[in-house]
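The values are calculated or read from the model by the stated rules, or taken from the named source; none is laboratory data. As the structure is a prediction and not an experimental result, all values here were calculated from the model. Positions of Cβ are backbone-derived with ideal geometry, glycine not excepted, and every protein chain shown enters the neighbour counts.
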Amino acid sequence: MSADLVLDLAHRRGDFALELDASLPPAGVTGIFGPSGAGKTTLLRLIAGFDRPDRGRIVFDGEDWTGLPPSRRPVGTVFQAPRLFPHLSVRGNLDYAVKRAATGGPAYADVVESLDLAPLLDRRIQTLSGGEAQRVALGRALLTAPRLLLLDEPLAALDTERKAAILPYLRNALTRFAIPALYVSHSIDEMARLADRILVLRDGRAAASGPAGAVIEGLDPAPGEGFEAGVIVEATVAEAANAYGLSRLDLAGQVLTVPGLEGVSEGAVVRLRIRARDVAIATQRPEGLSIRNVIEAILMERRDRGIHAELLLDTGGPHLRARITRESADALGLAEGQTVFALIKTVSLEGLV
Amino acid sequence: MTGPILLTLALASVTTLILMALALPLAWWLATTHSRIKPVIEAVTALPLILPPTVLGFYLLLLMAPASPVGGFWLEVTGSTIAFSFSGLVVASVVYSLPFAVQPLQAAFERVGPDMMEAAASLRARPLDAFLTVALPLSARGALTAAVLSFAHTVGEFGVILMVGGNIEGRTRTISIAVWEHVESLEYAQAHALSAGLLVFAFVTLFAVYAIGRGRMLHVR
């Protein structure tokens, strides 16, 4: 028996149909990514048991969950709204989970510590901020000793600032307790930060699936998906921040200079997101240019789309994506297989690995 | 004079207990079901609000007659007729006050909503566990309102009791019947005492219900 989460599902509600046949490895964070209405939440509800599929089965680690009621499935769910019980305190909400939990889950003290819940324990639910409430909800889900965590856009209701504040907790908890998780989001940034693998849903079907980096670099926004094409790259800090506040990263033997890594020492691995539109192309190594990040690469693939040419580059390590105009691409005579120089204007840091 | 008062209190207490036991599952079912017969059940539950007590009492009386299956069964099991007995009054009161128990509970359960129940299920609470530990505490005010209204409405009933129970001292003569009896006999002083008592009771009850309701609004905010 494979330990995978096997999803073989058909579910129709009105105009919407979910049809999925996927097998997800039961480790790390699998991002479920797609536009609104793609079936992400429906998929999670089917796995949690809140909805029953018209046809199909859900098997986890060899156990068939298809016929089990939600209360018998060893999953922990964090909903978009925290759904904390308003008649109980924070402690009461956590205890509710503990009393009914399976054995062998994360220890109470560890959960409280990792999510910094100690100062909240005696608070009433009504007095919590959105971010605090969502931290409590995550803690409550962890305390059920789940074998699979379902996170349904847990950050969607928070503003950017609160989101930034809670993300490190979320990441830390997911790594520390090593419970396999499905993370639903329509934010490519959250995916880039949290997901090890990504399943892309569009119109109720799997459009792509695989390691996060590979899926993101192959992703083109469908109408209504507000994200930028780009890649996720992991690089090692080769030289800690200098007097200018710039650190040098090793990217498969080439040097990438980035700001914002003060306090991060040599040898640390960071995750970067490089958007396709922030990468320009030269056919010769340019001189006298303010852009310091020039990476030599082989042009693997050129796809022409409307006025743009989408380029996929092999740096000898990670891949890069570039979007330039088709006119420029033709003027430079870009063809697959040739050596080019990628000029990277901006790099956004997604955090430490 | 204390006879009718004690009888009324006993009747209202027993009726309220039975009603709550019936109304909790019924209101929960109505609040959560997607069944197509839900409107039918809701209409039947609400019937006592519209029907004249005499009509309701008339049918209950027919049902309780020893010749009917229900009345015959009762006679066989208990050895006495159900009509014109305290038990008969309880049955009639339960039917007559049913909407006053079901409707506040149903509204409260609907406010709890499926989200909280899903959260409870996601924390491994089985349905009954989730009902007792989440739905019921969150509906406490609704349950209190239902109990108070059931009790008060039973205290105030007249027509159904007269139809089903008649006017038998110590068995079926409740306060409202006693008032009627006193007025018929031109004993206005006694009628006054009982009537004023009921008036005060009714006001206090309604005041309590509205105070509970106001508390809920503040709670939500």
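So, in segment A:33-63, how many residues would count as being surrounded by fewer than 19 Cβ atoms within 10 Å (Cβ to Cβ), farther than 15 Å from residue A:206 by Cα and away from chain B (no Cβ under 14 Å)?
Of the residues in segment A:33-63, 8 are surrounded by fewer than 19 Cβ atoms within 10 Å (Cβ to Cβ), farther than 15 Å from residue A:206 by Cα and away from chain B (no Cβ under 14 Å).
Looking at segment A:228-240, can you tell me whether even one residue there is of a type outside the set (Ser, Thr, Tyr), modelled with pLDDT under 90 and surrounded by fewer than 13 Cβ atoms within 10 Å (Cβ to Cβ)?
Checked segment A:228-240: no residue is of a type outside the set (Ser, Thr, Tyr), modelled with pLDDT under 90 and surrounded by fewer than 13 Cβ atoms within 10 Å (Cβ to Cβ).
Being touching a strand residue (DSSP E or B) at 6+ places or on another chain (Cβ under 9 Å), among the aliphatic types (A, V, I, L, M) and free of Cβ contacts under 8 Å to residues at least 24 places away in the same chain is true for just one of B:123, B:75, B:128, B:63. Which residue is that? Please lay out each step first, then the result.
Details: B:75 fails: touching a strand residue (DSSP E or B) at 6+ places or on another chain (Cβ under 9 Å); B:128 fails: touching a strand residue (DSSP E or B) at 6+ places or on another chain (Cβ under 9 Å); B:63 fails: touching a strand residue (DSSP E or B) at 6+ places or on another chain (Cβ under 9 Å).
Being touching a strand residue (DSSP E or B) at 6+ places or on another chain (Cβ under 9 Å), among the aliphatic types (A, V, I, L, M) and free of Cβ contacts under 8 Å to residues at least 24 places away in the same chain holds for just one of B:123, B:75, B:128, B:63, which is B:123.
Could you check segment B:1-26 and list, in sequence order, the residues that are more than 18 Å from residue B:197 (Cα to Cα) and touching a Phe, Trp or Tyr at 6+ places or on another chain (Cβ under 6 Å)? Break it down stepwise before answering.
We begin by selecting, within segment B:1-26, every residue more than 18 Å from residue B:197 (Cα to Cα); these are B:14-26.
Hit for segment B:1-26 is B:16, nothing else.
The conditions are (1) away from chain B (no Cβ under 14 Å); (2) surrounded by fewer than 18 Cβ atoms within 10 Å (Cβ to Cβ), and residue A:5 fails exactly one of them. Which is it?
Checking residue A:5 against (1) away from chain B (no Cβ under 14 Å); (2) surrounded by fewer than 18 Cβ atoms within 10 Å (Cβ to Cβ), the one that fails is (2).
Return the only residue of A:311, A:332 being surrounded by fewer than 19 Cβ atoms within 10 Å (Cβ to Cβ), over 16 Å from residue A:237 (Cβ atoms), assigned by TED's automatic domain parsing to the domain that holds residue A:236 and not small (Gly, Ala, Ser).
Details: A:311 fails: surrounded by fewer than 19 Cβ atoms within 10 Å (Cβ to Cβ).
Result of the check over A:311, A:332: A:332.
Just to be sure before I move on: is residue A:272 under 23 Å from the mean Cα position of the chain (by Cα) and part of a strand (DSSP E or B) in the structure I sent? Spell out the reasoning first.
Working: under 23 Å from the mean Cα position of the chain (by Cα): yes; part of a strand (DSSP E or B): yes.
Against the criterion (under 23 Å from the mean Cα position of the chain (by Cα) and part of a strand (DSSP E or B)), residue A:272 qualifies.
All but one of (1) away from every other protein chain (no Cβ under 13 Å); (2) modelled with pLDDT under 90; (3) over 28 Å from residue A:187 (Cα atoms); (4) under 26 Å from the mean Cα position of the chain (by Cα) hold for residue A:104; which doesn't?
(4)
From the list A:77, A:30, which residue is assigned to a strand (DSSP E or B) and either touching a His at 6+ places or on another chain (Cβ under 9 Å) or within 22 Å of residue B:128 (Cβ to Cβ) (or both)?
Numbers: A:30 fails: either touching a His at 6+ places or on another chain (Cβ under 9 Å) or within 22 Å of residue B:128 (Cβ to Cβ) (or both).
Matching residue, one of A:77, A:30: A:77.
Starting from segment A:71-87, take each residue that is at the interface with another protein chain (Cβ under 7 Å from one of its Cβ atoms) and among the hydroxyl-bearing types (Ser, Thr, Tyr) and list its partners that are in a strand (DSSP E or B) and surrounded by 22 or more Cβ atoms within 10 Å (Cβ to Cβ), counting only C-beta distances under 9 angstrom and pairs at least six apart or across chains.
Final answer for the pair search is A:77/A:149; A:77/A:150; A:77/A:151.
Residues of segment A:271-290 being surrounded by 14 or more Cβ atoms within 10 Å (Cβ to Cβ), among the aliphatic types (A, V, I, L, M) and modelled with pLDDT under 85, which ones?
If the condition is that a residue be surrounded by 14 or more Cβ atoms within 10 Å (Cβ to Cβ), among the aliphatic types (A, V, I, L, M) and modelled with pLDDT under 85, then A:272 is the only one that fits.
Give A:4, A:21, A:64 a once-over and let me know the one that is acidic (Asp, Glu) and within 20 Å of the chain's Cα centre (by Cα).
Values: A:21 fails: within 20 Å of the chain's Cα centre (by Cα); A:64 fails: within 20 Å of the chain's Cα centre (by Cα).
Residue meeting the stated conditions: A:4.
Where in segment B:108-221 are there helices (runs of 4 or more DSSP H), lying wholly inside it, with at least 3 residues that are over 30 Å from residue A:96 (Cβ atoms) and at pLDDT 85 or above?
Working: elements: B:127-130, B:140-155, B:159-165, B:175-184, B:188-220.
Those helices (runs of 4 or more DSSP H) span B:140-155, B:175-184, B:188-220.
Which condition number does residue A:18 fail, the rest of (1) within 14 Å of chain B (Cβ to nearest Cβ); (2) surrounded by 15 or more Cβ atoms within 10 Å (Cβ to Cβ) being met?
Only one criterion in (1) within 14 Å of chain B (Cβ to nearest Cβ); (2) surrounded by 15 or more Cβ atoms within 10 Å (Cβ to Cβ) is unmet by residue A:18, namely (1).
Would you check which residues across segment B:92-129 are of a type in the set (Gly, Ala, Ser) and within 7 Å of another protein chain (Cβ to nearest Cβ) and list them? It would help to see each step written out before you state the result.
Applying the first criterion (of a type in the set (Gly, Ala, Ser)) to segment B:92-129 yields B:92-93, B:97, B:101, B:107-108, B:113, B:119-122, B:125.
B:119, B:121, B:122, B:125, listed by residue number.
Kindly evaluate residue A:302 against the criterion of being closer than 19 Å to residue A:338 by Cα, surrounded by 13 or more Cβ atoms within 10 Å (Cβ to Cβ) and either touching a Ser or Thr at 6+ places or on another chain (Cβ under 9 Å) or not hydroxyl-bearing (Ser, Thr, Tyr) (or both).
Working: closer than 19 Å to residue A:338 by Cα: yes; surrounded by 13 or more Cβ atoms within 10 Å (Cβ to Cβ): yes; either touching a Ser or Thr at 6+ places or on another chain (Cβ under 9 Å) or not hydroxyl-bearing (Ser, Thr, Tyr) (or both): yes.
Yes.
Which of (1) among the charged types (D, E, K, R); (2) part of a loop (DSSP other than H, G, I, E, B); (3) within 14 Å of another protein chain (Cβ to nearest Cβ) is the odd one out, the single condition residue A:116 does not satisfy?
Only one criterion is unmet by residue A:116, namely (3).
Given the options A:285, A:302, A:277, name the one that is part of a loop (DSSP other than H, G, I, E, B), farther than 27 Å from residue A:26 by Cα and in contact (Cβ under 8 Å) with a residue 24 or more places away in the chain. It would help to see each step written out before you state the result.
On the way: A:302 fails: part of a loop (DSSP other than H, G, I, E, B); A:277 fails: part of a loop (DSSP other than H, G, I, E, B).
Answer to the selection: A:285.
On the given criteria, is residue B:149 within 14 Å of chain A (Cβ to nearest Cβ), in contact (Cβ under 8 Å) with a residue 24 or more places away in the chain and touching a helix residue (DSSP H, G or I) at 6+ places or on another chain (Cβ under 7 Å)?
Values: within 14 Å of chain A (Cβ to nearest Cβ): no; in contact (Cβ under 8 Å) with a residue 24 or more places away in the chain: yes; touching a helix residue (DSSP H, G or I) at 6+ places or on another chain (Cβ under 7 Å): yes.
Answer is no for this residue.
Any residue at all in segment A:177-186 that's among the aliphatic types (A, V, I, L, M), under 26 Å from residue A:102 (Cα atoms), modelled with pLDDT of 85 or more and surrounded by fewer than 22 Cβ atoms within 10 Å (Cβ to Cβ)?
The initial filter retains those residues of segment A:177-186 that are among the aliphatic types (A, V, I, L, M), namely A:178-179, A:181-182, A:184.
Right, trim to under 26 Å from residue A:102 (Cα atoms) and you get A:178-179, A:181-182, A:184.
Filter once more, keeping what is modelled with pLDDT of 85 or more: A:178-179, A:181-182, A:184.
The next check asks that each one be surrounded by fewer than 22 Cβ atoms within 10 Å (Cβ to Cβ); those that pass are A:178.
Yes, that holds for at least one residue.
I'd like to verify a number: residues in segment A:67-95 that are of a type in the set (Ser, Thr, Tyr) and within 22 Å of residue A:47 (Cα to Cα), how many?
Of segment A:67-95, the ones of a type in the set (Ser, Thr, Tyr) are A:71, A:77, A:89.
Add one more test, that the residue is within 22 Å of residue A:47 (Cα to Cα), and what stays is A:71, A:77.
So the count comes out to 2.
Does segment B:102-116 contain at least one residue that is surrounded by fewer than 17 Cβ atoms within 10 Å (Cβ to Cβ) and over 22 Å from residue B:146 (Cα atoms)?
yes
Across segment A:317-329, what is the number of residues that are in contact (Cβ under 8 Å) with a residue 24 or more places away in the chain and either within 18 Å of residue A:347 (Cβ to Cβ) or in a strand (DSSP E or B) (or both)? Working first, answer last.
Restricting attention to segment A:317-329, the residues satisfying the condition of being in contact (Cβ under 8 Å) with a residue 24 or more places away in the chain are A:317-324, A:328-329.
Now narrow it down to the ones that are either within 18 Å of residue A:347 (Cβ to Cβ) or in a strand (DSSP E or B) (or both): A:317-324.
Total meeting the criteria: 8.
All but one of (1) at the interface with another protein chain (Cβ under 9 Å from one of its Cβ atoms); (2) surrounded by fewer than 17 Cβ atoms within 10 Å (Cβ to Cβ) hold for residue A:92; state the number of the condition that does not hold.
It is condition (1) that residue A:92 fails.
Would you confirm, using the coordinates I've provided, whether residue A:128 is free of Cβ contacts under 8 Å to residues at least 40 places away in the same chain and in the same structural domain as residue A:36 (by TED's automatic domain parsing)? First the steps, then the outcome.
On the way: free of Cβ contacts under 8 Å to residues at least 40 places away in the same chain: no; in the same structural domain as residue A:36 (by TED's automatic domain parsing): yes.
No, not satisfied.
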